[in-house]
Amino acid sequence: MSDDHQLRVSKIRNGTVIDHVAGGQALNVLALLGIDGSGGEAVSIGMNVPSDRLGRKDIVKVEGRELSQSEVDILSLIAPAASINIVRDYEVEEKSRVVRPDHVSGIISCPNHNCISNADEPIDSGFAVLDDGVRCDYCGTIVREDELAASLDVN
Ligand code: CTP
Ligand code: ZN
């Protein structure tokens, strides 16, 4: 349990707490989830908060929204140590660690405009997950970790 002296960001009533995000990655997490405040949801961010496990960590709290599995998958690409806490009526109802998939499909668009996955064909994009990015199944283009937000389908 967080001790009161350590609690820097208020508790939320309903929503998702993304905890144990590597220090400095919180804004990338928001970008990956397509959260820019325009949806009207309350979002709180703690950056470089002291953590026993990570030394320093970021934390993101999104009020009124529970993340889907595909959102959690994509999150794992930039925040492999993150824990996802689903909060309902102020209580943590579900806690899970993100699991890095070997492969992701339908989340990221290939940045190569000539790639067959971008043609008018009924082909879903697919990417193999590497240590520091993903590789297109169809053309081999590598999207690095820091370029992922720009290649997301949701944007
Ligand atoms: N939290 C929150 N609002 C709530 C309940 C919890 O913002 N209504 C946050 C806590 O501040 C914490 C995270 O959700 O950052 C997980 O809560 P909890 O499981 O109670 O904390 P810990 O036991 O410290 O979690 P862990 O073991 O995963 O570090
Ligand atoms: Zn491609």
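Amide H contacts of ASP137: GLY126, PHE127, ALA128, each under 5 Å away and 5 or more positions distant or on a separate chain (H built 1.01 Å from N in the peptide plane; Pro and chain starts excluded). Placing a pseudo-label 7 Å from each Cα along the Cα-to-Cβ vector at ILE142 and ILE116 gives an inter-label distance of 2.3 nm.
For the range 116-133, backbone phi angles converted through the Karplus equation (6.51, -1.76, 1.60; θ = phi - 60°) give residue-by-residue couplings of 4, 5, 9, 7, 6, 10, x, 10, 7, 5, x, 9, 7, 8, 9, 5, 10, x Hz, Gly and Pro being listed as x.
Distances between placed amide hydrogens fall under 5 Å for ILE108 paired with ASP153, all partners being 5 or more residues away or on another chain. Full extension of the chain between LYS95 and ILE123 yields a length gain of 6.7 nm, computed as 0.36 nm times the residue separation minus the alpha carbon distance.
Using only helices, what value at 222 nm comes out for the chain when you add -39,500 (n - 2.57) per DSSP H run of length 4 or more and divide by the total residues, to the nearest 500 deg cm²/dmol?
Details: 2 runs with 18 residues, N = 155.
The helix-only estimate for the chain comes to -3500 deg cm²/dmol at 222 nm.
In this structure the amide hydrogen of ALA22, modeled in the peptide plane, comes within under 5 Å of the amide hydrogens of ASP58, ALA81, none closer than 5 places in sequence on its chain. Exposure proxy shown here: for VAL43, VAL99, the number of other Cβ atoms within 10 Å sets the order, fewest to most, as VAL99, VAL43. Here the Karplus relation 6.51 cos²θ - 1.76 cosθ + 1.60, evaluated at θ = phi - 60°, turns the backbone of the range 103-112 into coupling constants of 8, 10, 9, x, 10, 10, 9, 5, x, 7 Hz, with x for every Gly and Pro.
Our coupling estimate for the range 82-89, obtained by passing each phi through the Karplus curve with A = 6.51, B = -1.76, C = 1.60 and θ = phi - 60°, is 5, 10, 9, 10, 8, 10, 10, 6 Hz, Gly and Pro reported as x.
Coordinate-derived values only; no laboratory data. As the structure is a prediction and not an experimental result, all values here were calculated from the model. Heads up, the Cβs are rebuilt from the backbone with ideal geometry, glycines too, and the neighbour counts pull from every protein chain shown.
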